[in-house]
């Protein structure tokens, strides 16, 4: 009788390719944030501060504006010119989810990276992350879908395409990125308490924000349901060790499913890399039409798609905002006058 072939043990380097990609995107996000702070300082103090261009990538943190942009684009065919990069990034996240499950969350999203880092800190402190019982876990998962439903109803049913487009042209939306920065620079004790609470819960419970509260992840999870690539288990070589289930950050029952359809799956490859039997778990199309044999191949594919999308947006003029530095200066000054 043939024995299943075991994987060679991994030695040395503690970080996976996915971890390196996550760290790379986190560093890019940090760079964009710092550059945006210098930009805001420039437009508010042009005579003393050095000139700095506005980084369009900061619009990734304006998901509500991107959702309104999507409403206007689908209804009128007019691509947003105020925060176009935000809509491009939003569409890119959806595209990746349509292809590779919620891989955006596991490979690109800096909040997902932060969440993983906090969970790791929790394991260092408490030697484990706490797991909620299923009777509590499943109802809490619905919270992010309730939040998503609120935004979808408000924007797609409560706003006409024309109203959505009009909102995009308002001064409020034009400097929504500045308002976001101002919120964190002048955060109240209430906001600080909420953030501190989420940090503590994320240390104790793995992926607390992503698992229970993120409406962005909920939307991508819905799109991921029709993703052709899914984690697939070969029943004839599975030894039922349960390592895949324990490695899954969302506690999915990978060891019981032939194909993982759950919207919670992020294509993180943790289960595939934890499986001790080569070829038992794969990220593949139905009927083995094509598979990604390693996290390196899927990660490289996701990176290529992401870079290509942003490159196309830049070439076609759908990346830079139409709001000039002078317009920013005027709008920010007016806001400061009304909110001393």
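Just so you know, all these numbers are worked out from the coordinates, no wet-lab data involved. Bear in mind that the values here come from a model prediction, so they are computed numbers and not experimental data. Quick reminder, even Gly has a Cβ in these numbers, built from the backbone with ideal geometry, and neighbours come from all protein chains shown.
Would any residue of the stretch 165-198 have its amide N under 18 Å from a label point 7 Å out along Cα→Cβ of residue 125? List them or say none.
Residues 192-198 fall inside that zone.
Given a cut-off of under 8 Å on Cα pairs at least six residues apart, what relative contact order in percent is computed for the stretch 205-273?
37
Taking Cα atoms, how many degrees apart are the long axis of helix 189-204 and the longest axis of the chain, rounded to 10 and kept between 0 and 90?
10
What distance in nm separates the simple spin-label points at residue 222 and residue 188, each placed 7 Å from Cα in the Cβ direction?
Calculated label separation equals 3.1 nm.
For Cα Rg over 2.2 N^0.38 Å, the choices are [x] 1.09; [y] 0.97; [z] 1.02; which was calculated from the structure?
Among [x] 1.09; [y] 0.97; [z] 1.02, the one derived from this structure is [x].
For a quick protection proxy, order the peptides 98-106, 288-296 by their average other-Cβ count within 10 Å, most packed first.
Highest to lowest by the protection proxy: 98-106, 288-296.
Using a Förster distance of 30 Å, how high is the FRET efficiency between residue 41 and residue 154, based on the Cβ-Cβ distance and rounded to 0.05?
0.35
For the chain, what is the relative contact order in percent, using Cα pairs closer than 8 Å and at least 6 residues apart in sequence?
26
On C-alpha positions alone, give me the angle between the axis of helix 295-315 and the longest principal axis of the chain, in degrees, nearest 10.
Helix 295-315 and the main axis of the chain meet at about 20 degrees.
Could you sort the peptides 167-178, 46-57 by per-residue average Cβ neighbour count (10 Å cutoff), highest mean leading?
Ranking the peptides 167-178, 46-57 by packing returns 167-178, 46-57.
Let me understand the stretch 114-200 better: what is its radius of gyration from the alpha carbons, and its Dmax, in angstrom?
18.6, 54
Do you know the relative contact order of the stretch 62-132, to the nearest whole percent, from alpha carbon pairs under 8 angstrom that are 6+ apart?
Contact order relative to length: 18 percent.
Need the full-extension length gain, residue 253 to residue 34, defined as separation in residues times 0.36 nm minus the C-alpha distance. One decimal, nm.
Additional length available on full extension: 74.8 nm.
Would you mind computing, in nm to one decimal, how far apart the modelled labels at residue 325 and residue 23 are, each placed 7 Å from Cα along Cα→Cβ?
Result: 3.5 nm between the two label points.
Assuming 0.36 nm per residue, please report the length gained on full extension of the stretch residue 201 to residue 240 beyond their Cα-Cα distance.
10.9 nm
Test of understanding: what is the full-extension gain from residue 287 to residue 143, defined as 0.36 nm times their sequence separation minus their Cα-Cα distance?
Extending this stretch completely gives an extra 48.4 nm.
May I ask for the angle, rounded to the nearest 10°, between helix 84-100 and the longest principal axis of the chain, with both axes built from Cα atoms and the value confined to 0 to 90°?
Compared with the principal axis, the helix lies near 10 degrees.
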